[in-house]
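Participant: One structure coming up, written as C-alpha cells, with questions to follow.
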Amino acid sequence: MKKRSYRFSPSIVVFVLLFSSAVIWYQTDSLSSAFLDQIHKDMRERTELVRYMVSNLIRNNDKAVADELRRTAKVGGVRISLIDHGGKVIFDSEESPENLGNHLDRPEVMSALQGEFGKAVRFSETVGQNQIYAAARIDRPDGKPMVIRTGMSIQNLNNMIFLARRDLIMAGVFMALLILAFYLIIRRRISASVQLLKNQASAIAAGDLSGSIKIENGSRLILDLSSSLDRMLNNLKRQIRQLRLEKSKRDVIFASMGEGVIAVDNSGIIIDLNPAATQMLELPTLAVGLSLRGVIRCRKLEEFVDKVINRDPVSVIELTLDTVPPKYLRVRGTIMESENGAVGTVLVLSDITRLRKLENFRSDFIADVSHEIRTPLTAITGAVEALRDCGNDEPELTRPFMEMIIRQSERLNNLIKDILSISSLEYRGKAQSKDFAEINLAQSVRNAVELVKGAAEEQHIELLADIPDELRYYGDPQLLEQALYNLLENAVKYSGGSRIKISLKSDENINEIKVEDNGCGISTEHLPRIFERFYRVDKARSRKLGGTGLGLAIVKHTVQHHGGTVTVSSTISQGSIFTIRLPEKSNS
C-alpha cells in the first residue's frame, strides 16, 4: 500500500506541473497576442502619419525627404524604410540601402504594393532582433508607387512574456509542491486506517469471517466505510450460516432418500449424486466430475438424458442393468433451467427390482396354486363321476373312489392350510408378534420329534435326538413346533435314508437346531431355491406323497419371523443338513 502511494505521489506533481504549464503558456500566449495587436494598431497609426508626410514632400519635390524620415525615426523610436515599386530599398533609418537586399518578397511590402495595409512579425537579420513591421503604399505622380515601412523591436515584449512565464511556472511548481505536501499529510493520516481495512478485507476474501471490521480513529469517510463494511460482513456471515444450514438440511434429505438422485450438466458431467444412486449404479465413490457415459455405459440412459435436455415429452423410462443379479430401475428426468436456458438434467432413480421379483413371484404363485388346486379337484371330479356311473349297488367298486375323494380332499385342505400359514407369517413379519412368550425350546423340539415318530417307523427310519433337558427361549411355540415338524417330515418323506438326527445347542447367544439325514442328498442347482413356495426337487414323488410344496417355505418364514436364519448343505448319496440359527433375543 505504501509503495503504491509513493509511486502515485510524483504522478500528481507531474500532472499539476503539466496542467499549470499548459495554462500558463496559454495565458501568456494570449497576453502576447493582445500586446502585438495593440502594437500593430499603434504602428499603423504611425505609418499612416509617416506616409502622409512623405506624400507631401514628394509632391512638393522636397529634397529633404531623407532628413525628415531620419528625424522622425529618431523621435518616434522606430525604424523607417522607403522602398520603390521594384523592392529596392531607397532609404533606411538604421542601415545603408546598399547593404540591404531586395525587399519585394517581404510579406508586408507585397501587401502594401497591392493597396492593402501590410504587417508582419519576424526576425530581422539586419538588426538581429525580432521586429514588428507595418507598411503602406504611397502613390507617386509618375504612377510608380512606393512603400513606406515602419519597424519596431519587440524584444522587450518577448523578455516581458518570458519573465511572466518564468514567474508563473515557479508559482506552479510551488503550488505542486504544496499540493504534494498536503497530499502526503493526508495520506499519512489515512494510510494506517486504509491499510487496516485492506488487511481485514483480504482476510475476508481469503475466507476468514471470524473477525470484524472496526476502525477506531480516522476521517469520517473512513469511519463510515468501516461501519458499512462491518455491517456487510455481519450480513454475509448470517447469509452463509443460513446457506450452510440449508445445505446441511439438503444433504441430510439427499443422503436419506431411498431413490437415487443424479444431477448432470449439458455435457453429461456428473454435478452431484446421493449415496443411493452410487449404490444402485455401482459407481465409484468420487464420481462427481466424471462423465456419466464413462461410468455407467448404458446407451438407453444416455439417449434418455439427451431427450430430456431437448425437452422430449418422454420423462420416465425403465432400465435393466447387466449386473449379477440383474437390477431393474425406473428413471425420471427433469430439466434444470436458469435464465440462460437449460443447464443440465436431474435424474431420479427408483430400484424396482423387488417389485419386478414380486410381480414375477405373483404370476408364478398364481400359476402354481392354480395347478396344485386343479390336480386334486380333477381327481375328485373324476371319482364323483365314476361313483355316479357305478351307483350304490356295488360297494367294492365304489370304495376306491371314495378313498380317492377323501385323500384328495385332505391334500386340498392341507394346501389351503399351508397357504393360510404362509400369509399369516408374512403379515406377522410386518408387525410385532403378540404371541411371543418365554418357552422351553428343547420341549418344542421333542414335541416335533414325537409327531413324526410314527411316520419314521413306517419308513424304517431311525430318529436320533441330541436335545438338552431345558433351553429357555422367547418365541412363538406353535410356529416353532410347526416349522420343526415340517423340517422333520420333509426328511422322513424325501430323504430316502435310514437315519435322521436332530440336535439342539446354544452357543454365544445363538440357539442352533440341526436336522441331518443320510439319504440321497439334493443336487447343487436346487439348493438356492429349496425354500421357495411350491418348489420341488422331485415333483412327481412330492405329489405322490401328498406334499403341498410349501413346507420348507413355512420353515423359512417362521425362522425369519424370529429373527433367525435357515440354511441347507447337501452332498449327493451322503445326505443333507438343515441348520436353523435363532438369536437369543428375537428381532420381532
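No value in this document is a laboratory result; all are computed from the given coordinates. Note that this is a predicted model, so its numbers are computed, not measured. Counting neighbours? That spans all protein chains shown, and the Cβs are built from the backbone with ideal geometry, glycine included.
Participant: Of the cross-linked pairs Lys357/Lys505; Lys198/Lys249; Lys247/Lys357; Lys453/Lys514; Lys249/Lys300; Lys357/Lys514, which ones have a Cα-Cα span greater than 26 Å in the structure shown?
Facilitator: Values: Lys357/Lys505 36 Å; Lys198/Lys249 35 Å; Lys247/Lys357 37 Å; Lys453/Lys514 17 Å; Lys249/Lys300 33 Å; Lys357/Lys514 30 Å.
Too far apart for the 26 Å limit: Lys357/Lys505; Lys198/Lys249; Lys247/Lys357; Lys249/Lys300; Lys357/Lys514.
Participant: Mind giving me the nanometre distance, one decimal, between the label points for Asp67 and Leu321, set 7 Å out from Cα along Cα→Cβ?
Facilitator: That separation, rounded to one decimal, is 13.3 nm.
Participant: Taking H as built 1.01 Å from N, whose amide H comes closer than 5 Å to the amide H of Ser124, not counting residues under 5 places away?
Facilitator: Residues meeting the amide H criterion: Gln129, Asn130, Gln131.
Participant: Please give the contour-minus-distance gain from Gln239 to Asn130: 0.36 nm per residue of separation, less the Cα-Cα distance, rounded to one decimal in nm. Provide the component values of the computation, followed by the final result.
Facilitator: On the way: separation 109, 0.36 × 109 = 39.24 nm, distance 7.81 nm.
Between Gln239 and Asn130, full extension yields an extra 31.4 nm.
Participant: If you place +1 on the Cβ of every Lys and Arg, -1 on the Cβ of every Asp and Glu, and leave all else neutral, what size is the dipole of region 113-157 about its Cα centre, to the nearest 20 Debye?
Facilitator: Rounded to the nearest 20 debye, it is 20 debye.
Participant: Towards the positive end of the charge dipole of region 437-583, with charges on Cβ (+1 Lys, Arg; -1 Asp, Glu), say which of His561, Leu451, Tyr494 has the farthest Cα.
Facilitator: Result: Tyr494, furthest along the dipole toward the positive end.
Participant: Can you list the HN-Hα couplings for region 349-355, worked out from phi with the Karplus curve (6.51, -1.76, 1.60; θ = phi - 60°), rounded to whole Hz and with x for Gly and Pro?
Facilitator: Result, rounded to whole Hz: 10, 10, 7, 10, 4, 5, 4.
Participant: Separate question: Calculate the dipole size of region 15-160 relative to its Cα centre from +1 charges on Lys and Arg beta carbons and -1 charges on Asp and Glu beta carbons; express the result in debye to the nearest 20.
Facilitator: Charge dipole of region 15-160: 240 debye, to the nearest 20.
Participant: Same structure again: Taking the Cβ of Ile240 as the centre, find all other residues whose Cβ is under 11 Å away and add up their charges (Lys, Arg: +1; Asp, Glu: -1).
Facilitator: +4
Participant: Tally Lys/Arg at +1 and Asp/Glu at -1 over every other residue whose Cβ is under 11 Å from the Cβ of Gln574; what's the total? Don't skip to the answer; put the middle values down first.
Facilitator: Values: positive: none; negative: Glu516, Asp517.
Surrounding charge for Gln574 is -2.
Participant: Beyond 26 Å, what share of the Cα-Cα pairs of region 437-583 is found? Please give it as a whole percent. Spell out each step's value before the answer.
Facilitator: Values: 2010 of 10731 pairs.
Pairs farther apart than 26 Å: 19 percent.
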